[in-house]
1. Just give me the residues in segment 1-15 being open to solvent by 60 Å² or more (accessible area, probe 1.4 Å), touching a helix residue (DSSP H, G or I) at 6+ places or on another chain (Cβ under 6 Å) and not aliphatic (A, V, I, L, M), in sequence order.
2. Starting from residues that are open to solvent by 90 Å² or more (accessible area, probe 1.4 Å) and assigned to a helix (DSSP H, G or I), keep the ones in segment 16-49 and report whichever is farthest from K4 (Cα to Cα).
3. For segment 50-60, which residues satisfy the criterion of being at pLDDT 90 or above and either open to solvent by 100 Å² or more (accessible area, probe 1.4 Å) or in contact with a strand residue (DSSP E or B) (Cβ under 7 Å, 6 or more places away or on another chain) (or both)?
4. Considering each residue of segment 1-27, count those that are touching a Ser or Thr at 6+ places or on another chain (Cβ under 8 Å) and either polar (S, T, N, Q) or touching a residue at least 60 places away in the same chain (Cβ under 8 Å) (or both), and give that number.
Amino acid sequence: MNTKRTKILLTVLLLLALGNYARMHGTEDIRTVEFLSIFAIGALAALLIREIFAKDNNED
């Protein structure tokens with residue numbers, strides 16, 4: 001998959017996950033769904049950071 005397309009896709013997914021978490025009411029008690037949402041946000045952020053800072057091996 002093209003790296004530029006991957007970065008755009010990961011950015012859109014991260015924004016959707018952040019928007020979904022922001023819609024939740026009453027986040028003082030962490031439920032299972034909220035935990036999974038926070039975990040997904042962290043995973044998407046890690047993938048996006050890895051894509052941004054990874055060196056392209058095919059660019060020799």
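The values are calculated or read from the model by the stated rules, or taken from the named source; none is laboratory data. Computed from a prediction, not measured in an experiment: that's the story for all the values here. Heads up, the Cβs are rebuilt from the backbone with ideal geometry, glycines too, and the neighbour counts pull from every protein chain shown. In case anyone asks, the SASA skips ligands and DNA or RNA and just uses the protein heavy atoms, side chains included. Shrake-Rupley method; radii C 1.70, N 1.55, O 1.52, S 1.80 Å.
1. The initial filter retains those residues of segment 1-15 that are open to solvent by 60 Å² or more (accessible area, probe 1.4 Å), namely 1-5, 7-9, 12-13, 15.
With the extra rule that they be touching a helix residue (DSSP H, G or I) at 6+ places or on another chain (Cβ under 6 Å), the set shrinks to 7, 13.
Across segment 1-15, the qualifying residue is only K7.
2. Initial filter on segment 16-49 (open to solvent by 90 Å² or more (accessible area, probe 1.4 Å)): 16, 23, 25, 28-33, 35-36, 39, 49.
In the following step, the residues that additionally are assigned to a helix (DSSP H, G or I) were identified as 16, 23, 32-33, 35-36, 39, 49.
Details: L16: 19, R23: 29, T32: 33, V33: 31, F35: 30, L36: 27, F39: 24, I49: 13 Å.
Here the residue is T32.
3. R50, the sole residue that qualifies.
4. Adding up the residues that qualify gives 1.
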